[in-house]
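A.B. asks: Can you read through this structure? Questions will come right after.
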C-alpha cells in the first residue's frame, strides 16, 4: 500500500525560493563590513539552512560575540533592504502549493530564516495563505534540531510518520532523520544530491514539477484527531 501523508513541511530557501545568490551576497557584504574575510561563493553558500547566528559561527568559528552580532545585523539589513540580487520562487512552487491546499493537506514551513525575514518574503511573494503554520529558529532551534518539526506535528495532532519534510540541504535531511520523519530531497538547491541521497530520502527530484506529480499520489486530506 502506498504511504500517504497528511502534512507536507517545506524548507524555504533553496527549496521553494531561489534565493541562494542573494543570501551569499548578503553574507559576503556582512563579512566585509564587519571586518572579516570574504569567503568564496561555494563556502559561503554551504551554511544556507542554518539559523543566521549559527551560520556565521560555522563560517567564522573565531568570531567574537560582538563580531557575530555585527555580521548578523549587516546581513539582515542588506538582505531585506539593499540587496540588488533578484530572488523568486522556483518554477512550479505556487502550483505545488495550490495543489496541496486543494487536496486538503496541511502545509508548513520549517526554515533557518529569521521570523522577520520569513514574514517579509512571504508577504512579498504573496504566499502567506498557502501555509497553515510556519516555524523559524526564533520560536524553536536551528536545524538540525527537530524541534521545528515537532512543534508543527504537535500543533496538527499528527505523528511523525504522517508528515513528510521537503528540503535541499543536509540540515533538512538531518532534522527529519532526528525525528524519524520521511524526507524528500531536491537537487535544485544548495547541497549536492549525492550527499543528500546518503540520508535515504523517500524520493528525490530535480524540480518542483516532477515532485508535484509524485506527491499527488502520496497525500491524503488532513484528518483531525
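A.B. asks: Quote the relative contact order of region 20-82 in percent (integer), defining contacts as alpha-carbon pairs under 8 Å separated by 6+ residues.
C.D. replies: Here the relative contact order equals 45 percent.
A.B. asks: Right, next: Helix 115-125: angle to the longest alpha-carbon principal axis of the chain, degrees 0 to 90, nearest 10?
C.D. replies: 70
A.B. asks: Now a separate question. In whole percent, what relative contact order does the chain give with Cα contacts below 8 Å and a gap of six or more residues?
C.D. replies: Relative contact order of the chain: 28 percent.
A.B. asks: Equivalent-ellipsoid semi-axes (√(5λ), Cα gyration tensor) for region 20-82, whole Å, largest first?
C.D. replies: So the three semi-axes of region 20-82 are 15, 13, 11 Å.
A.B. asks: Hey, any idea what Rg/Rh is for region 1-124, computing Rh the Kirkwood way over Cα pairs?
C.D. replies: 1.05
A.B. asks: Does anyone have the angle between helix 20-34 and the longest principal axis of the chain? Alpha-carbon axes, 0 to 90°, nearest 10?
C.D. replies: For 20-34 against the chain, the angle is about 30 degrees.
A.B. asks: Further question: Compute the long axis of helix 65-77 from its Cα atoms, compare it with the longest principal axis of the Cα atoms of the chain, and write down the angle in degrees, 0 to 90, nearest 10.
C.D. replies: In the chain, helix 65-77 runs at an angle near 70 degrees to the longest axis.
A.B. asks: Report, in whole Å, the centroid distance computed from the Cα atoms of region 61-130 and region 154-217.
C.D. replies: Value for the Cα centre distance between the two parts: 18 Å.
A.B. asks: Could you tell me how many cubic angstrom of Cα convex hull volume the chain has per residue?
C.D. replies: 113
A.B. asks: Moving on to the next point. When a footprinting reagent is the concern and you count Cβ atoms within 10 Å, what order do 80, 215 take, fewest first?
C.D. replies: Starting with the residue having the fewest Cβ neighbours, the order is 80, 215.
Read-outs throughout are calculated quantities, based only on the coordinates presented, and are distinct from any laboratory measurement. What you are looking at is a predicted structure, and each value in this text was computed from that prediction instead of being measured. Heads up, the Cβs are rebuilt from the backbone with ideal geometry, glycines too, and the neighbour counts pull from every protein chain shown.
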